[in-house]
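Asker: Next up is a structure, given as structure tokens.
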Amino acid sequence: MLNPAPTAGATAPPLRNRRIRQGVRERLAPYAYVAPFFVLFLVFGLFPLLFTFYVALFDWNPIGEHHYVGLENFRQLVDDPRFWGALRNTVSIWLLSTIPQLFVALLLAHVLNHLRLRAATLFRMSVLVPYITSVAATTIVFAQLFDRDYGMLNWFLQLLGFDHVDFTASVWGSHLMIATMIMWRWTGYNTLLYLASLQAVPRELFEAAAADGANGWKQFRHITIPSLRPIIVFTVVTSTIYGLQVFTEPLLANSVGGLTCGAARQCQTLTLFLYEQGFGRFHFGYGAAIGVALFVMVVIAAALNYLLVTRIRSERP
């Protein structure tokens, strides 16, 4: 006996259920794609951050007892001259590295955007080589270049009739050495950011300016810099955040000084001071307080970024 043909009412519920399931999958798919990032952020980002705030309220011995001290670690931090010395060193290195670095990156981007070079792509990509080089290898090479006895820089100074300079033993010498390492590493990266933004600027603007008699400097001042204002703000803020967290360069630049970066702490940065207190002396509570202070500085830098970008956008016609 033949089976009766299915009616429309019998097929409607399966089709409707299938469409509902498909709609649910389509709505949940974007959340599933971004979920791994947020899970990793919660585990390796947010939880360590909150735990750092928690540890900062304790006299925390990693192999002993934990005593709640409230804000005592922060009061000690404010009265600690080592903290303010590390902050001064950090700001000094940031100023010596960021201002020349961004200016040179702007000039390089302007030149690479205008000059007709053979193998232009090769030149543009070669500026990124320092960025992909190991920080440790870069620091070791520059430490040899700035060496007091056998460094190439001191050899050149001797040819000019000057005495040898012990860069690692002086404040400004060590700051200059570390700032040079940072400049060499990040100038090419920022150059590519500026160059990518300049590619979006119509070339007719530069041609019209040249037709009106504007030289290269005037074009750079009145067209290049205004066109790159948002990306300049971004690079200033990212350079500030990196400058506040610089660690490897001062640690390896002064191999004799170790975690203090010299007997007088002449190049000890905030992150190096944090590492010394937390993992060198095992004062986890005090080290966590330094980390919280560093986090507040980064948040302030991000807030300044938001204010500057908002103001720039509001000033646009």
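Asker: Keeping all protein chains in place, calculate the accessible area per residue for the chain (probe 1.4 angstrom), answer in Å².
Answerer: 62
Asker: Which distance in nm do the two modelled labels at PHE282 and PHE156 give, with both placed 7 Å along the Cα-to-Cβ direction?
Answerer: Each label point is offset 7 Å from its Cα along the Cβ direction, giving 4.7 nm.
Asker: I've got another one for you. ASP59's amide H: which non-local residues (gap 5+, or another chain) put their own amide H closer than 5 Å, with H modeled 1.01 Å from N in plane and none for Pro or chain starts?
Answerer: HIS67, TYR68, VAL69
Asker: Binning at 10 angstrom from zero up to the longest distance, how are the C-alpha pair distances of segment 77-315 distributed in percent?
Answerer: Pairs per bin, as whole percents: 7, 26, 29, 22, 12, 3, 0.
Asker: If you take the beta carbon distance between ARG118 and LEU205 as r and set R0 to 22 Å, what does 1/(1 + (r/R0)^6) give as a FRET efficiency, to the nearest 0.05?
Answerer: That gives a FRET efficiency of 0.30.
Asker: If Lys and Arg each add +1 and Asp and Glu each add -1, what is the summed charge of the other residues whose beta carbon sits under 14 Å from the beta carbon of ARG148?
Answerer: Charge balance near ARG148 sits at -4.
Asker: When the chain is fully extended, how far beyond the present Cα-Cα distance does VAL104 get from TRP84, taking 0.36 nm per residue of separation?
Answerer: 4.2 nm
Asker: Still on this structure, please answer the following. Dipole of the chain, Cα-centred, from +1 at each Lys and Arg C-beta and -1 at each Asp and Glu C-beta, to the nearest 20 debye? List each step's numbers first, then the result.
Answerer: Values: 23 positive and 16 negative charges, 348 e Å.
So the magnitude is around 1660 debye.
Asker: Given a Förster distance of 45 angstrom, what is the FRET efficiency for ARG18 paired with TYR306, based on the Cβ-Cβ distance and rounded to 0.05?
Answerer: 0.45
Asker: Just add up the charged neighbours of GLY280: K/R +1, D/E -1, any other residue whose Cβ is under 14 Å from the Cβ of GLY280.
Answerer: Numbers: positive: ARG82, ARG265, ARG281; negative: GLU276.
With Lys, Arg at +1 and Asp, Glu at -1, the neighbours total +2.
Asker: Give me the number: length gained by fully extending LEU128 to VAL296, i.e. 0.36 nm times residue separation minus the C-alpha to C-alpha distance, one decimal in nm.
Answerer: 57.4 nm
Asker: Rounded to the nearest 20 Debye, what is the dipole magnitude of segment 28-143 about its Cα centre when Lys and Arg each give +1 and Asp and Glu each give -1 at the C-beta?
Answerer: The calculated dipole for segment 28-143 is roughly 880 debye.
Asker: Moving to a separate point now. List, in order, the whole-Hz ³J(HN,Hα) value for each residue of segment 267-275 obtained from phi through the Karplus relation with A = 6.51, B = -1.76, C = 1.60 and θ = phi - 60°; use x for Gly and Pro.
Answerer: Couplings: 10, 6, 9, 5, 5, 5, 5, 4, 5 Hz.
Asker: Spin-label point model (7 Å from Cα, Cβ direction): what's the GLN245 to TYR31 distance in nm?
Answerer: Label-label distance for GLN245 and TYR31, simple model: 3.0 nm.
Asker: Using DSSP to define loop residues, name the chymotrypsin sites (Phe, Trp or Tyr not before Pro) in segment 101-152 whose beta-carbon has at most 16 other beta-carbon atoms within 10 Å.
Answerer: On the way: sites: PHE103, PHE123, TYR131, PHE142, PHE146, TYR150; in loops: PHE146, TYR150.
The qualifying sites are TYR150.
Asker: Multiply the residue separation of ASP166 and LEU49 by 0.36 nm, subtract the distance between their alpha-carbon atoms, and state the gained length in nm to one decimal.
Answerer: 38.2 nm
Asker: Go through SER174, GLN199, LEU270 and say which Cα lies farthest out towards the positive end of the charge dipole of segment 162-317; charges sit on Cβ, +1 for Lys and Arg, -1 for Asp and Glu.
Answerer: Of the options given, the answer is GLN199.
Asker: For the chain, what does the helix formula give at 222 nm: sum of -39500 (n - 2.57) over DSSP H segments with n ≥ 4, over the residue count, nearest 500 deg cm²/dmol?
Answerer: -22000 deg cm²/dmol
Asker: Taking the Cα atoms only, what angle lies between the long axis of helix 81-114 and the longest principal axis of the chain, rounded to 10 degrees?
Answerer: Helix 81-114 sits at roughly 70 degrees to that axis.
Asker: Could you check how much of the accessible area of the chain is carbon and sulfur, as a whole percent, using a 1.4 Å probe?
Answerer: With neighbouring chains kept in place, the figure for the chain is 68 percent.
The values are calculated or read from the model by the stated rules, or taken from the named source; none is laboratory data. Bear in mind the structure is a predicted one, so any value in this text is a computation, not a measurement. Ideal geometry is used to build each Cβ from the backbone, glycine not excepted, and the neighbour counts take in all protein chains shown. Ligands, DNA and RNA are excluded from the accessible area calculation, which covers all protein heavy atoms including side chains. Shrake-Rupley method; radii C 1.70, N 1.55, O 1.52, S 1.80 Å.
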